[in-house]
């Protein structure tokens, strides 16, 4: 009996979902998804190319932006095969191992992006509170160490998730509500006690996303306090204007992230379509909008991009 169960576990697959009830027009739905992926990959790649090739942009703010672009590229590449596979080829099946690998990269890259947004908030705080020491505080070795620390934090804390899911038996209807795999959804399909997974998932979410968001909020509280106490109204607006791009990135990332987590916790009370749409917003909109927002708001970056395309 044990051998039969093990065979079922190893041969099992999950079925991914597209937009329910819209299967007949999935090919047309694939057009906006393809456009989103093309713009995301091209936009973030252009940002990386401009920052790498222009020595005048080798400053802390643009180095953090390049980290954000790399993370957004990783998220786009991780979700693209399954989302476009469903829309273009109606290919819904995904093996257990492929599903666990995908959710590992989705969650770890999301946690890393949260950490990078925290570093960018720290960058804005240092630039506004002590501009004369900005270059001496955020040196390249220090930026590299902070980036490496947060990357390791994201991967190490997410590493147990696939192994915690691997030990379960999946004997229910293995139909996922998204076009990709998420830990909080996969664990609910298990025919075992998921208490450990639920507690650990909530713990790392609060430790990383919750703590990062709290520190970002405190950073902006201190920025507002410094600006309102020291600067004139014109200087105040000028200083806050340098934070607009980062604030947009924070809103674009954390709003769907928190919303999707809440919907998964209260799944029965939430409309299924809202959960599906918010899932797409969570992973597709930040990689799409971040390069656009920073290109529009950063005068130096915008000039370099225009110069490249004019050539």
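The values are calculated or read from the model by the stated rules, or taken from the named source; none is laboratory data. Everything numeric in this text was worked out from a predicted model, so none of it was measured. Note that we place each Cβ from the backbone using ideal geometry, even for glycine, and neighbour counts take in every protein chain shown.
Quick check on my filter: what residues within segment 117-140 are within 25 Å of the chain's Cα centre (by Cα) and outside any helix (DSSP H, G or I)? The answer is 138, and nothing else.
Among the helices (runs of 4 or more DSSP H) confined to segment 194-311, the ones with at least 1 residues that are over 14 Å from residue 184 (Cβ atoms) are located at 211-230, 233-241, 244-265, 272-297, 299-310. Looking only at residues of segment 81-103 that are loosely packed, with under 14 Cβ neighbours inside 10 Å and in a helix (DSSP H, G or I), we find that the one that is modelled with the highest pLDDT is 97. Taking every residue in segment 289-311 that is without any contact (Cβ under 8 Å) to a residue 12 or more places away in the chain and pairing it with any residue that is crowded, with 18+ Cβ neighbours inside 10 Å and assigned to a helix (DSSP H, G or I), at least 6 positions away or on another chain, the pairs with Cβ-Cβ distances below 8 Å are 302/295. As a summary of the residue check, residue 77 satisfies the conditions (1) at pLDDT 90 or above; (2) buried (at least 16 other Cβ atoms within 10 Å of the Cβ) except for the one numbered (2).
Here is a yes/no grid of residues against (1) surrounded by fewer than 12 Cβ atoms within 10 Å (Cβ to Cβ); (2) more than 22 Å from residue 261 (Cα to Cα); (3) within 25 Å of the chain's Cα centre (by Cα); (4) modelled with pLDDT under 90:
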position	(1), (2), (3), (4)
153	no, no, yes, no
161	no, no, yes, no
177	no, no, yes, yes
216	no, no, yes, no
226	no, yes, no, yes
238	no, yes, no, yes
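Apart from one condition, residue 186 fits all of (1) out of contact with any strand residue (DSSP E or B) (no Cβ under 8 Å at 6 or more places or on another chain); (2) assigned to a helix (DSSP H, G or I); (3) within 30 Å of residue 87 (Cβ to Cβ); the exception is (1). Counting only residues that are exposed (fewer than 11 other Cβ atoms within 10 Å of the Cβ) and touching a residue at least 40 places away in the same chain (Cβ under 8 Å), segment 115-139 holds 0 of them. For segment 279-286, indicate whether the set of residues that are in contact (Cβ under 8 Å) with a residue 24 or more places away in the chain, more than 20 Å from residue 44 (Cα to Cα) and touching a helix residue (DSSP H, G or I) at 6+ places or on another chain (Cβ under 7 Å) is non-empty. Yes, some residue in segment 279-286 is in contact (Cβ under 8 Å) with a residue 24 or more places away in the chain, more than 20 Å from residue 44 (Cα to Cα) and touching a helix residue (DSSP H, G or I) at 6+ places or on another chain (Cβ under 7 Å).
Of the numbered criteria (1) free of Cβ contacts under 8 Å to residues at least 40 places away in the same chain; (2) surrounded by 12 or more Cβ atoms within 10 Å (Cβ to Cβ); (3) under 29 Å from residue 291 (Cβ atoms), the one residue 221 fails is (2). Report whether or not residue 143 is in a helix (DSSP H, G or I), touching a helix residue (DSSP H, G or I) at 6+ places or on another chain (Cβ under 8 Å) and crowded, with 20+ Cβ neighbours inside 10 Å. When the stated conditions are applied, residue 143 does not pass them. Based on this model, can you work out whether residue 45 counts as surrounded by fewer than 20 Cβ atoms within 10 Å (Cβ to Cβ) and under 21 Å from the mean Cα position of the chain (by Cα)? In short, yes.
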